[in-house]
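Undergrad: Would you mind keeping the following structure in view while I ask a few things?
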Amino acid sequence: MNSQKVVGILLCLLLLNTSTVTCITFGDVVVGALTGGAVIVGGPLVLGAVGFTGAGITAGSVAAGMMSTAAVANGGAVTAGSTVAVLQSVGAAGLAAGTKAAIVAGTAGLYAAANDEC
């Protein structure tokens, strides 16, 4: 599922679930943007620290251990789309624009649902 579909689904769920969220305030959007921004900036930094880098998986790192485990479990190869493959992709290339938008929309929706003050 691509990130644009994820954003659309999140927004539809948020708008249709009026028993939980009766309104979304500007504050909800700001908190969502700030939290989402922190995830967008911090996520790749954390991935690099554990060994998922632009140059590949760092030898002897947590990422190398995950890759080894995944390869053993799958007969010697890391499966495309697996957790290790996705984390390496993000570590190497960063997050796509649509994924960033989904993170911000999702955090705004979660914050609004948890803090329904209207």
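Undergrad: Evaluate the distance, in nm, between pseudo-label points positioned 7 Å from the Cα of Val72 and of Ala38 along their respective Cα→Cβ axes.
TA: 3.6 nm
Undergrad: Karplus couplings for region 86-95 from phi (6.51 cos²θ - 1.76 cosθ + 1.60, θ = phi - 60°), rounded to Hz, Gly and Pro as x?
TA: Running phi through 6.51 cos²θ - 1.76 cosθ + 1.60 with θ = phi - 60° gives 5, 4, 5, 4, 5, x, 7, 10, x, 9 Hz.
All of the numbers you see were taken from the coordinates with simple rules; none came from a lab. It should be emphasised that the depicted structure is a prediction, and the values quoted were computed from it without experimental measurement. As a convention, Cβ positions derive from the backbone with ideal geometry for all residues, glycine included, and neighbour counts pool all protein chains shown.
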